[in-house]
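Contents: one structure, followed by commentary.
The values are calculated or read from the model by the stated rules, or taken from the named source; none is laboratory data. Treat the numbers as computed from the prediction; the structure is a model and nothing was measured. Cβ placement follows ideal geometry from the backbone for every residue including glycine, while neighbour counts extend to all protein chains displayed. Only protein heavy atoms, including side chains, enter the accessible area calculation; ligands, DNA and RNA are left aside. Shrake-Rupley method; radii C 1.70, N 1.55, O 1.52, S 1.80 Å.
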Amino acid sequence: MARAKKNPAESVSAPPVRKTRPIPERTGPVRRMTSALGTPSAKKPSSSAAAPGQPAAQAPSQETNAVSSAPASGESNPNILPLVKMGQELAEQAIERARRSSGETASPIADSLGVSNLPGAKDALSLAETALRTWVELATQVMRVVLPLGPQLLPDATKIVDSIRDAFRGKSGGEGSPGIHVSLNLKGAGPVRVSVQVNPGISPTDISVQPLFSLDRSSTKPPIHGASIAAGRDGRSLEVTLSLSPTQPHGRYLGAIYDTASGNVVGGLTVEITG
Amino acid sequence: MKRSSKTTPSASSLPSPLARTRVAIVGGGCASLAAAFELTRPNAPEQFEVTVYQMGHRLGGKGASGRGSSGRIEEHGLHLWLGFYENAFRLMREAYAEAARDPATCPIATFNDAFKPDPNVAVAERLRGGDWLPWVATFPPAPGLPGDPAETVKLFSVREYLIRAVRLVASLIESAGKSTHLDREPAPAPPEGIWSAIDKLLRYGALATATALREAFDLLLGAISTFAPRSENVVLKLIDAVSEAVKQQLQTLIEADRELYRVFGVVDLVLAILRGCIRFGLAFDPRGFDAINDVDWRDWLRDNGATQSSVDSAFVRGIYDLVFAYEDGDTERPRLAAGVALRGAMRMFFTYKGALFWKMQAGMGDIVFSPLYEVLKQRGVKFEFFHKLTHVGLGGARGTPDDRHVAALEFDVQAEIVGGGEYQPLVEVAGLPCWPSQPLWGQLKNGDALQKQDIDLESPFDPTVLRKKTLRVSQDFDFVILGLSVGALPLVCKEILAEDTRFRRAIHSGKSVQTQAFQLWLREDMAQLGWRGDQTNLSAFVEPFDTWADMTHLIDAEDWVTPPKAIAYFCSVLPERKAESAGDAKAAHQVVRNSAVEFLRRDVVHLWPRFLTPSGEPRWNLLAAEPNKKSRKKSVGEEQFDTQFWTANVRPSDRYALSLPGTIADRISPLERSYDNLTFAGDWTASGLCSGCVESAVMSGMLASHALSGFPALHSITGYDHP
């Protein structure tokens, strides 16, 4: 057999071209969304033909007898991510509005109580702002849940935010009330700073206080159980009794004051053990 | 045992399109073969020419198994597949479908033949006085089949896991209540909102009755379903109240009731997990469970309120045993990254499909690596057995990452094939293509002489080398996937180790552990041996062999003249020992043998009371073996143990990859591009699961394929973005 003639172009060997890996779209998992929302289902291939980067034969469709006929658990709306993103943006706007309004809402409370310059006033403002922000973020979570169900629910979700804010403003931003005399009966060692905030118009005979929990977010400090609040002999003033264990760790503690008849929170008792 | 009649087309007989990108995959374990599988999908956008280089005679890495005398299956250890191994199961379902084995001639022709569900799991509790009591649990079947199409799989958010955890606790309390005098009135739905109801409940401290406790669980479910950042304190207080109430209601009862004691332990742990997830803000942390990977899981549980007895419980030890989570093989030093453990536990118990466990119906080599080998061969993948990698040579300028690349791969060729053909690695046992435990010496040049030398071609320390072989970039390969064990990489990547701090940190952090295992073939069944229960898988047992599985179902897959009545596998970590030579490996082998004999003398009686004679001596004659053609001497007494199988997994490639606290962030992702033609694959990499298991390895292999080719798409790797 005659040997095939070499193409002259082949006689000069070109230097081999070294191939390189493609630049990766990312180098690790993205858990930001899955932590809160779970893993979105992978998109179904649109046809049997393979698309770049997405092999169509991923599913073991050939072995149909082995593939469960169980219904897909969690078939999700393919538009979930844009919707949630929109929801988050809306929520951020709502939080920002709430943040601004929280000062407006909380300041009158402090002013009306005449406690703006008292120790603990900042706690009251902080508490009010925290409460608002918590509710707004709760609304954010609600939106995250409801958004995948359909954009038609959006108005309702934003209404939640407004209604919470309005309710809060309406409830606590009232016409003000005369100050209430508070007396303190302190048992236990060590310097402490105590402040009491209550809503105007409360009935001192119907209130009580929860155990006081540490405000240190990551704290394992035990709560203070030895706090009580009751009406004074005149029925209009308040008597706060605080019994502290000598081993109670330093720090700030807060307990909710609530109306025993309605169950509503009507104020807060803040104790700072400074040592 | 005969040579497998299943023939696969030679790669050279297939058309080879020009200009295909050539990929050299070094190592033939799960991660490597998963990468090869993805790179050679027939309908992939780009076709790759893949060659797998394998030391010794068989594929499988730590999952390799072999067939010995009587067709016995000889494993590295016990391999159970968990029902959440979505990617690994999907790979196998596709492999079986594509292999298209003939059911008329092959006893394991389909996926359904290969894997069977196993709902039973047990842990052993140590009682006062030194006795051990098995606690067997049967998990109900779950919808679906593992490996169902990726687009149907929906994994949970952290919040959803927490909701399921609350439901689990509530149902456990409910079941506990059925065996006690706790009242069981249905919990009324709160007429007011959840949060004000919680406020009331906490305020009045009214959790003294089971009804109130049930109501509290309902509220807890509601709270977890809706809580937002910075409202954690309320939820935490509710969990504390529930926890205290559970203790008050059950504490007095658990002393007298072992079942309640177990329930209390699980409830205590789950409440600690709930408390910890909320305290650490895991539901909103962009790192997901990885946020707590710097602490040990037991410490984390303790810090979040679990009692010491719960942390020391068989349940927690069983999890540690499952992943050999003992640093340096020291069972006094349990260490497991909390995030990895939590992710694994959540997925294991809440997302399994079909059954909690799935058992292979033959050896792992036969069930997993034979069909993968067949399919990859059909696709044109080349396999170069007896190629031991000795050095990875770098090219490119130092300090210019974009130019860094692998320039050469140097191998010791350990053996050559008679006639220069391809090595045919499989044998047929009971009609099934299997891997033999030893090389098929008859196919090798000077095979008889090699066999007589008592060499170990699967050991990197074996000196056997016929010739050196160097592959060069652009001439012989374009891309490289190093699919080696983390224990083996330092031996061959000295240049990378010296220059690359990122790689060095990953290797030094990526600790691994030696393991040990032994297998028994028994002439009496488990009931005759005194085991009271179904076929099961038990862990948290006494060291040195903390895990046992009844593998009697494998009898039909072997090739006995007189079949045994039962098969049992035992395994555990092996305390770290020097293993740098063949002599070290033999010494370790002897240590395992002695430990196993001691275990059978002293400990197995807790599982099999009738394995011992009334005088307390093991009934060695129960160990089944067929006559050895080479030796006419009949074993007696303890010598009969030597007819069984045991292994000391001390070779670098055998070591099990640990997930130690504080090391997970150091793992290298196959997606990283420190070298422009190299990636890594293995369960030691940042696979998303980051645990030593076949699922992690397969995910890593898929990522390695994606790194080189852009596919499979990352969203089709189930669980990669899981929290």
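Just a few scattered comments:
- When the criteria are applied in full, residue B:262 meets the requirement of being part of a helix (DSSP H, G or I), farther than 21 Å from residue B:221 by Cα and in contact (Cβ under 8 Å) with a residue 24 or more places away in the chain.
- Any hit, segment B:325-337, residues being in contact (Cβ under 8 Å) with a residue 40 or more places away in the chain, among the small types (Gly, Ala, Ser) and surrounded by fewer than 24 Cβ atoms within 10 Å (Cβ to Cβ): yes
- Residue match in segment B:649-659 (condition: more than 30 Å from residue B:464 (Cα to Cα) and either at pLDDT below 95 or crowded, with 16+ Cβ neighbours inside 10 Å (or both)): yes
- Residue in segment B:116-127 that is of a type outside the set (Val, Ile, Thr), surrounded by 24 or more Cβ atoms within 10 Å (Cβ to Cβ) and modelled with pLDDT of 95 or more present: no
- Restricting segment B:41-79 to residues that are more than 30 Å from residue B:545 (Cβ to Cβ) and in contact with a strand residue (DSSP E or B) (Cβ under 6 Å, 6 or more places away or on another chain), the residue that is most open to solvent (accessible area, probe 1.4 Å): B:49
- Yes/no for residue B:93 being assigned to a loop (DSSP other than H, G, I, E, B), within 14 Å of another protein chain (Cβ to nearest Cβ) and open to solvent by less than 10 Å² (accessible area, probe 1.4 Å): no
- Of the residues making up segment B:131-151, those that are within 12 Å of another protein chain (Cβ to nearest Cβ) and surrounded by fewer than 20 Cβ atoms within 10 Å (Cβ to Cβ) number 3.
- Any hit, segment B:704-713, residues being more than 9 Å from chain A (Cβ to nearest Cβ), of a type outside the set (Asp, Glu) and open to solvent by less than 10 Å² (accessible area, probe 1.4 Å): yes
- Boolean, residue B:355 is open to solvent by less than 10 Å² (accessible area, probe 1.4 Å) and closer than 28 Å to residue B:300 by Cβ: no
- Out of A:237, A:219, sole residue that is of a type in the set (Ser, Thr, Tyr), modelled with pLDDT of 80 or more and within 20 Å of residue A:271 (Cβ to Cβ): A:237
- Note on segment B:463-502: residues that are part of a helix (DSSP H, G or I), under 21 Å from residue B:651 (Cα atoms) and touching a Phe, Trp or Tyr at 6+ places or on another chain (Cβ under 7 Å) total 1.
- Scanning segment B:267-295 for residues that are among the acidic types (Asp, Glu), surrounded by fewer than 23 Cβ atoms within 10 Å (Cβ to Cβ) and under 24 Å from the mean Cα position of the chain (by Cα) returns a single hit, B:294.
- Answer residue from segment B:306-316, given it is outside any helix (DSSP H, G or I) and crowded, with 21+ Cβ neighbours inside 10 Å and is farthest from the other protein chains (Cβ to nearest Cβ) among those: B:313
- Considering only residues in segment B:216-235 that are of a type in the set (D, E, K, R) and open to solvent by 50 Å² or more (accessible area, probe 1.4 Å), the one that is modelled with the lowest pLDDT turns out to be B:230.
- Taking the criterion of being part of a helix (DSSP H, G or I) and either farther than 25 Å from residue B:589 by Cα or in contact with a helix residue (DSSP H, G or I) (Cβ under 7 Å, 6 or more places away or on another chain) (or both), the residues of segment B:426-462 that qualify are B:441, B:442, B:443, B:447, B:448, B:450, B:451.
- Selection of segment A:225-244 for residues being assigned to a loop (DSSP other than H, G, I, E, B) and under 33 Å from the mean Cα position of the chain (by Cα) yields A:225, A:226, A:244.
- The lone exception for residue A:208 - which of (1) at pLDDT 75 or above; (2) assigned to a helix (DSSP H, G or I); (3) within 14 Å of chain B (Cβ to nearest Cβ) it fails: (2)
- So residue B:299, is it under 27 Å from the mean Cα position of the chain (by Cα) and open to solvent by 10 Å² or more (accessible area, probe 1.4 Å): yes
- Just one of (1) surrounded by fewer than 23 Cβ atoms within 10 Å (Cβ to Cβ); (2) in contact (Cβ under 8 Å) with a residue 40 or more places away in the chain; (3) part of a helix (DSSP H, G or I) fails for residue B:543. It is (3).
- Taken together, B:617, B:639 contain a single residue that is acidic (Asp, Glu), more than 30 Å from residue B:133 (Cβ to Cβ), away from chain A (no Cβ under 14 Å) and surrounded by fewer than 21 Cβ atoms within 10 Å (Cβ to Cβ), which is B:639.
- Odd one out for residue B:679 among (1) within 11 Å of another protein chain (Cβ to nearest Cβ); (2) farther than 29 Å from residue B:289 by Cβ; (3) open to solvent by less than 10 Å² (accessible area, probe 1.4 Å): (2)
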